[in-house]
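Everything below concerns the one structure shown next.
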Amino acid sequence: MKIPIRRGINFGDALEAPFEGAWGGHIIKDEYFKLVKDVGFDHVRLPIKWSVYTKKDSPYDIEKKIFDRVDHLIEQAFNNGLYIIINIHHYDEIMQDPLKEKDRFLSIWKQISEHYKNYPENLYFELLNEPTYNLVSDLWNQFLKEAIEIIRETNPDRKIVVGPDNWNSLYNLDRLIIPENDKNIIVTFHYYNPFNFTHQGAGWVKINLPVGVKWLGTDEEKQMIEKELDMAVKWSKEHGNIHLYMGEFGAYSKADMESRARWTDFVARSAEKRGIAWAYWEFFSGFGVYDPEKDEWRIPLLKALIPEANL
């Protein structure tokens, strides 16, 4: 059975910031949901920094204001016929000291799952964005097992998205252990290869990646992408055809637009040919397919993502 989501967009650099608007003033406007629906996206992935709204001591209460905001955005997605995925994003503390943060992490999911237990199936949960650093695979497999058990107490059939450690790397899929016989698990990976192209000039990257790298779409360049996506498909088939979701992919704005559009089109089409659902990173910031200042789509990127988009 196929999952109903196919092509999505991340509303990134908003709710996963220390507060909404902290990064570049990016606020998610209600009308953005209609915009993405009208051009052909079927879902939104909503990154959320729950940890900044959660008390550091037991019982780790989550502030009402973040639930109110997320409730509103979920409602906007539903009103526009979109599916929506909410995740835990930029939970920095759990990456540094996983064991200390485990109870807090599980409590966050207990509260989220209780809060949304009666919501329609159009809402998906994603356990944690890009587990990495000290949250290595052995620990992560245990954390995700317990989190899924907690969610299943109140959301027995909700779709749950979970990915491997090392920044959701497809190279770490073999280390991921998920519950057997749960047909509502979707496995995610993120795709930004070649990294020196997609992240050139990105100030948050610890190594200096020079600007000016092009992606020309040579046979060699295409074969590398196809080979890596085939690795994910092979893993899925070996594990009972688990649904795959490329929850992030994109090329930063410091790359030239022709290369960005060429790469984006090839990655998106290659994923679709393999039955992999995807969500582009992201809507309106450094990788953005939409220009919030001009209130217009960046047409080459939009057409690369959704060739039949009507404007």
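Can you tell me how many residues within region 168-184 are more than 19 Å from Ala271 (Cα to Cα) and outside any loop (DSSP other than H, G, I, E, B)? Summing the residues that are more than 19 Å from Ala271 (Cα to Cα) and outside any loop (DSSP other than H, G, I, E, B) in region 168-184 gives 2. Taking region 195-254 as the range and being among the hydroxyl-bearing types (Ser, Thr, Tyr) and not in a loop (DSSP other than H, G, I, E, B) as the test, the residues that pass are Thr198, Ser236, Tyr245. In region 61-89, the residue that is farthest from the chain's Cα centre (by Cα) out of those that are surrounded by fewer than 18 Cβ atoms within 10 Å (Cβ to Cβ) and in a loop (DSSP other than H, G, I, E, B) is Asp61. You will find that of Glu282, Glu221, Glu272, Glu258, the residue that is at pLDDT 95 or above, of a type in the set (Asp, Glu), within 19 Å of the chain's Cα centre (by Cα) and within 22 Å of Asn196 (Cα to Cα) is Glu282 and no other.
Within region 211-245, being on the phi < 0 side of the Ramachandran plot and among the polar types (S, T, N, Q) holds for Thr218, Gln223, Ser236. Out of the residues in region 157-167 that are without any contact (Cβ under 8 Å) to a residue 60 or more places away in the chain and either surrounded by fewer than 22 Cβ atoms within 10 Å (Cβ to Cβ) or not in a helix (DSSP H, G or I) (or both), state the one that is farthest from the chain's Cα centre (by Cα). Top of the filtered list is Asp157.
Taking the criterion of being among the small types (Gly, Ala, Ser) and over 24 Å from Glu221 (Cβ atoms), the only residue of region 177-203 that qualifies is Gly203. Taking first residues from region 14-39 that are loosely packed, with under 15 Cβ neighbours inside 10 Å and partners that are acidic (Asp, Glu), the Cβ contacts under 8 Å between residues at least 6 apart in sequence or on separate chains come to Gly24/Asp13; Ile27/Glu20.
The values are calculated or read from the model by the stated rules, or taken from the named source; none is laboratory data. Bear in mind that the values here come from a model prediction, so they are computed numbers and not experimental data. Cβ coordinates were reconstructed from backbone atoms using ideal geometry, including for glycine residues, and neighbour counts include every protein chain displayed.
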